[in-house]
Amino acid sequence: MKRNYMTLGIGLLLIFIFIAILCFGQVRQSTVVVITTFGKPTRTLTKPGLFVKWPVPIQWAHVFDQRIQNFDDKLDQAYTADNYTLLTQVYVGWKISDAQAFFPKFEGGSVLEAQKKLEGLLRSAKSAVVGRHPLADFVSTDEKKIKFDQIEHEILKIVQDQVNQKNYGIELQFLGIKKLGFPESVTQEVFKRMTSERQVLSSAILNEGESEASKIRSAANAQSTEIIAKADAEAKIIQGQAQSEAAQSFAVFQQNPELANFLLSLNALELSLRDRATLIFDQHSQPFNLFQGYSTNLANPLLKK
Amino acid sequence: MSDEHHHHHHHEHDHGQSLEQLRPRKATPRVPEPSLPPEDAGSQALADALKSSFAIVKWLMVLLVIVFLGSGIFKVEPGKKAIVLRFGKPLQRNNAELLGPGLHWSFPPPIDEVKIIPYSGIQSVRSTVGWYYTTDEKEALGREDEAGMSLNPAVDGYAITGDGNIIHTRATLLYHIEDPIRYEFEFSNASNAVQNALNNAILYAAARFKVDDVLTRDITRFQDTVLARVTELVAQENLGISIEQCQVQSIPPRYLKGAFDSVLVALSTRDKVHNEALSFQSKVLADAGAQAAARTNAANAEAVALVKSVNAEAKRFEELLPRYQANPDLFVNVLLSQTIGQVLTNVQDKIYLPERADGKTRELRLQLSREPAKPTGTFQP
């Protein structure tokens, strides 16, 4: 009897496991489960945990990721309001907000299908928004002109409105510009412009340097002349003071101007004949007047003795 | 005491014996039970076989249960945390409850699911737009492809600056996960979302800067703008991370390297010219100062000499005056002879012309050099 109970118990457990596999399911954190009865969505389960359903041919459970999905669209070309060609790529963070609505819109509730749809919506939204703005709204050195955030919001709004209108069960969480570019031929033009800008800049820098340097030089020269002129003036003042001081001594010479003249003449003589001078004398000049009275140096009796 | 001990020992021995006896006795009522109505040897053998296979199955099941439960042991590495989902529902409701490093146990799947989350480590992402096409290997080896005269937007990344120029810029963002539950369960790929925020930030920042500000003049402010933008986006998108650092690197397009370098050369030339002018200035001013000092010094010296000599002259005059007044003619003659004698010893050439005997005057012709006399020049009479 005991063995029968055990066998029965094991059998019941196996049956329970079998039924459990068929009838139980899990709602995992950050997923949503949609139950379809004979192909029609009947229940949406959002709370994580166990749930019970009829076995497979009657009810199916479809699991949807509720997390925010990243999606980057393709690089698309559009014209700005001022006719520049601009390439834009955006990234979108989106999630399934209404799985029951999402499920029938895209084949098998496929995320990839949904993203394909989003891509189309984004392309037309981008070209509409880019066409509304001049290039200066995208890039500008004027902080007030630039409308980066606004452009992103406009694209987001257009796409979200269309998604809501068609009831895709999708919610866009955020959208941002990922790439901003010019067509390849335009980059070449930009490079040419940049090159010439660099050349202008180089020569401007060099000219500025030269003119700065010559300013410094001429200022230095002017300053130097001024310094020397000032020194000359100072020297003249010093000389003048010295002369006036010396003039005080002249009073002494007043006692006998004749002697004073004689002494000054002697001084002058001494100074002027200090070197490289040739003097020519005859017998009238002192001390050669001593020779007077003797015939010549040849007939000098004193020497002949 | 020894009695007691002995008794105890004896008792233990008894107990051991009774245990040995108990074991088979306890098993015997179970084992023979199914074989209570023994019919023949054949059915007895079948019953034995069944009995032993049941025992094997029973032990196997026990082993299986142990293995099943044992498989629920898991390890959390340092720097990581774990969250357990029971039937899909997190057991840990907030970040404080997450399981830390060490060994843990949970029910094996499908009851529980263990999710390991990076937590304390620093994560890093690098921007994917804004840089020309290259790979880390090529860059490390310095074997990058030649820069073309245009950029293909599908392959090469770049950023457009506020003044409509093109630059390459890239950023590396270091962050740590502050809210791992959110990071893990709210985003299908949170690091990708962080990367896109960083991509957006470099375009956003470049779009409002001048090319020279990004590259040379205002690198820090550019970097700060990138950081501010990415911080704002991360907060807006509620990514559950906290930013540690943001490094930005920017270069001009490689094709224009020469043009950009020529500006740098011009800048250094300007500095050189400027420095030369400054050194000229200091030299000229120093020279002027020296010259000025020399002139005033000379004036001072002359002044002193003048005053001194005049004073000396005056003194001498006062000394000589009484002697002169005593006999002016003699005094003059004595002094004159003395001076001429002195002068004559200094003079280079002395020529004496005696009077002719006939009393006529002599004629003397002098050829004077028109050349300016030099201090050491030859003298020609």
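We did not get these values from a lab; they are worked out from the coordinates using the rules stated. Keep in mind the model is a prediction, meaning the values are calculated, not measured. As a convention, Cβ positions derive from the backbone with ideal geometry for all residues, glycine included, and neighbour counts pool all protein chains shown.
Remarks
- Rg over Rh for segment A:1-103 works out to 1.35, both radii taken from alpha-carbon positions and Rh defined as the Kirkwood radius.
- Shielding by partners - mean other protein chain Cβ count within 10 Å, residues of A:22-28: 3
- Applying 1/(1 + (r/R0)^6) with r as the Cβ-Cβ distance of residue A:230 and residue B:220 and R0 = 51 angstrom yields a FRET efficiency of 0.60.
- Restricting segment B:137-166 to GluC sites (Glu not before Pro) in coil, as DSSP defines it, with at most 14 other Cβ within 10 Å: B:144, B:146
- FRET E, pair residue B:53, residue A:23, Förster distance 35 Å, beta-carbon r, rounded to 0.05: 0.55
- Projecting the Cα atoms of B:240, B:154, B:109 onto the dipole axis of chain B, where Lys and Arg carry +1 and Asp and Glu carry -1 at the beta carbon, places B:154 farthest toward the positive end.
- Sorting the segments B:96-107, A:5-16 by their mean number of nearby beta carbons within 10 angstrom, highest to lowest, gives B:96-107, A:5-16.
- Per-selection Kirkwood Rh - segment B:99-252 (Cα, Å, 1 d.p.): 17.4 Å
- Taking the C-alpha atoms of chain A, convex hull volume expressed per residue in Å³: 550 Å³
- Scalar couplings 3J(HN,Hα) for segment B:229-246, obtained by applying the Karplus form with A = 6.51, B = -1.76, C = 1.60 to θ = phi - 60°, are 5, 5, 5, 4, 5, 4, 6, 4, 7, 6, 7, x, 10, 10, 7, 8, 7, 9 Hz; x denotes Gly and Pro.
- For the peptide B:325-336, the mean number of other protein chain Cβ atoms found within 10 angstrom of a residue's Cβ is 2.
- In a DSSP loop and with at most 10 other Cβ atoms within 10 Å, the chymotrypsin sites (Phe, Trp or Tyr not before Pro) in segment A:28-94 are A:38.
- Treating r as the C-beta distance of residue B:178 and residue A:167 and R0 as 45 Å, the FRET efficiency rounds to 0.80.
- Overall Cα dimensions of segment A:171-234, principal axis frame, Å, largest first: 90, 33, 6
- Modelled this way, with points 7 Å down the Cα-to-C-beta line, the labels at residue B:228 and residue B:135 are 3.9 nm from one another.
- Evaluated over segment B:170-272, the Cα radius of gyration and Dmax, each in Å: 17.4, 61
- Counting beta carbons within 10 Å around each of A:170, B:251, A:146, B:56 and listing the fewest first gives the order B:56, B:251, A:146, A:170.
- Averaged over B:343-352, number of beta-carbon atoms from partner chains that fall within 10 Å: 6
- Where N is the number of residues in segment B:214-267, Cα Rg divided by 2.2 N^0.38 Å: 1.57
- Here the Kirkwood formula puts the hydrodynamic radius of chain B at 35.8 Å, using every distinct Cα pair.
- Mean projected area of the convex hull spanned by the Cα atoms of the protein assembly as shown, taken over all viewing directions: 87.4 nm².
- Neighbour cut-off at most 13 other Cβ (10 Å), DSSP loop, trypsin sites (Lys or Arg not before Pro), segment B:272-368: B:356, B:360, B:362, B:365
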